[in-house]
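A short reminder: the numbers here are calculations on the coordinates, not readings from a lab. Here the structure is a predicted model, which is why all the values come from computation and not from measurement. Note that we place each Cβ from the backbone using ideal geometry, even for glycine, and neighbour counts take in every protein chain shown.
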Amino acid sequence: MSIETTSLPGVLIFTPRVFKDARGFFFEGYKDAVWRAAGIETVYVQDNQSRSVRDTVRGLHFQLPPAEQVKLIRVVRGAVWDVAVDIRLGSPTFGQWLGVELSEDNFRQLYIPAGFAHGFCVLSDEADVLYKTSCVYSPAHEQGIAWNDPEIGIPWPADEPLLSDRDRAAQSLQQYLAGTPFVFQS
């Protein structure tokens, strides 16, 4: 498993070693010992899966403490452009984002710590996205930042994205700042 650091400290890209032959392929998608050797001691308590059609944008989502989530994202069918945004007040990368293509062909996984908003845009006709979370889903703690907030400036690869009502009504980064519980600690 290779581990790549990114421009957002704490956000990592994992690429497993894939064994392919005439029958198909095999790889270890998650192995606790590998993560612990890399200094990551996240305990995952819930697996989620979504299926979405081309040009769907989901996000930018996160959960507030005490239900904040660390996420490990991968695509098992299709392709998405996956995005993490640093929402930790005082962080040197506050408001900055990172976009990574995750697909069934590249096997990459994106590790997103708490204090980051997450979203994705579907690039293929359909995509199945799996993600592990460190805390169970809590409707009382869910939050979102507007996918198209001009202050963040993410150039989503969809001219007319398909959105949920929740994502259409999400707050701006500035509105979120009024009550942010995520504060950067070096």
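Would you mind finding the longest exposed-site-free stretch of the chain, with exposed GluC sites (Glu not before Pro) meaning DSSP loop and at most 15 other Cβ atoms within 10 Å? Numbers along the way, then the final one.
Working: sites that count: 28, 41, 104, 151.
Free of exposed loop sites, the longest segment is 42-103.
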Inset, instruction - Name the residue farthest towards the positive end of the dipole of the range 110-170 from the options 164, 136, 116, assuming +1 on Cβ of Lys and Arg, -1 on Cβ of Asp and Glu, about the Cα centre. - result: 136
Inset, instruction - Would you mind working out the magnitude of the charge dipole of the range 71-186 relative to its Cα centre, with +1 at each Lys and Arg C-beta and -1 at each Asp and Glu C-beta, to the nearest 20 Debye? - result: 540
Inset, instruction - Among 141, 118, 61, determine the one that fluctuates most according to a GNM of the chain built with springs between C-alpha atoms less than 10 Å apart. - result: 141
Legend entry - Residue-by-residue Karplus 3J(HN,Hα) for the range 32-45, coefficients 6.51, -1.76, 1.60, Hz, glycine and proline x: 3, 4, 5, 5, 5, 5, 8, x, 9, 10, 5, 9, 8, 10
Legend entry - In the range 1-35, the trypsin sites (Lys or Arg not before Pro) that fall in loop regions by DSSP, at most 12 other Cβ within 10 Å: 17, 23, 31
Legend entry - In sequence order, calculated HN-Hα J values of the range 175-186 (Karplus, 6.51, -1.76, 1.60; Hz; x Gly/Pro): 5, 4, 4, 4, x, 4, x, 8, 10, 5, 10, 7
Inset, instruction - Please give the FRET efficiency for residue 158 paired with residue 106, using the beta carbon to beta carbon distance and R0 = 25 Å, rounded to the nearest 0.05. - result: 0.80
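Expressed as a rounded percentage, what relative contact order does the chain have, with Cα pairs under 8 Å and six or more residues apart?
The value is 29 percent.
Classify the chain from the C-alpha gyration tensor, please: rounded if a/c falls under 1.5, else prolate or oblate depending on whether a/b exceeds b/c.
oblate
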Legend entry - Fluctuation leader among 33, 114, 169 - the chain, Gaussian network, Cα springs under 10 angstrom: 33
Legend entry - chymotrypsin sites (Phe, Trp or Tyr not before Pro) restricted to DSSP loop in the range 82-141 with at most 12 other C-beta within 10 Å: 137
Legend entry - Of 52, 7, 42, farthest towards positive along the dipole that unit charges on Lys, Arg, Asp, Glu beta carbons give the range 1-63: 52
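Using a ≥ b ≥ c from the Cα gyration tensor of the range 25-123 (square roots of the eigenvalues), is it rounded, prolate or oblate, where a/c under 1.5 gives rounded and otherwise the larger of a/b and b/c decides, a/b for prolate?
Details: a/c = 1.71, a/b = 1.10, b/c = 1.55.
Cα axes put the range 25-123 in the oblate bin.
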